[in-house]
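Reading through the structure tokens given below for one structure.
The values are calculated or read from the model by the stated rules, or taken from the named source; none is laboratory data. Note that the structure is predicted; figures quoted are calculated from it, not measured. Backbone-built Cβ (ideal geometry, glycine too); neighbour counts: all protein chains shown. For the accessible areas, the whole protein counts, side chains as well, though only heavy atoms, and no ligand, DNA or RNA atoms are used. Shrake-Rupley method; radii C 1.70, N 1.55, O 1.52, S 1.80 Å.
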Amino acid sequence: MRRQSRLTADGCEEIIYRVVCPVCGQLGPAIPALDEAEERLIAKAIEAWNAMMARVSPFES
């Protein structure tokens, strides 16, 4: 799990959470931290990672 900050299109800084593959380093979808508990943001990042992996290799899930 990685917690990062990035600049939005309007120049504001936002905090995002994303899963990082420990084997290949691939990044999962960015989940913006919108006044939610860190545990919920981590769960959302894991759900987004799993959904991304299911789209990439649907027969393996």
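Among residues of the range 16-36 being farther than 12 Å from Gln4 by Cα and open to solvent by less than 30 Å² (accessible area, probe 1.4 Å), the one that is modelled with the lowest pLDDT is Cys21. Please enumerate the residues belonging to the range 37-48 that are surrounded by 14 or more Cβ atoms within 10 Å (Cβ to Cβ) and either among the basic types (Lys, Arg) or touching a Leu at 6+ places or on another chain (Cβ under 9 Å) (or both). Listed by number, the residues that qualify are Leu41, Lys44. Scanning for something within 13 Å of the chain's Cα centre (by Cα) and among the polar types (S, T, N, Q), does the range 8-21 turn up at least one residue? No; the residues of the range 8-21 include none that is within 13 Å of the chain's Cα centre (by Cα) and among the polar types (S, T, N, Q).
Report the residue count in the range 1-55 for those that are assigned to a loop (DSSP other than H, G, I, E, B) and touching a Phe, Trp or Tyr at 6+ places or on another chain (Cβ under 6 Å). Matching residues across the range 1-55 total 2.
Please tell me if Glu13 is in contact with a strand residue (DSSP E or B) (Cβ under 8 Å, 6 or more places away or on another chain) and surrounded by fewer than 13 Cβ atoms within 10 Å (Cβ to Cβ). It would help to see each step written out before you state the result.
Details: in contact with a strand residue (DSSP E or B) (Cβ under 8 Å, 6 or more places away or on another chain): yes; surrounded by fewer than 13 Cβ atoms within 10 Å (Cβ to Cβ): yes.
The answer is yes for Glu13.
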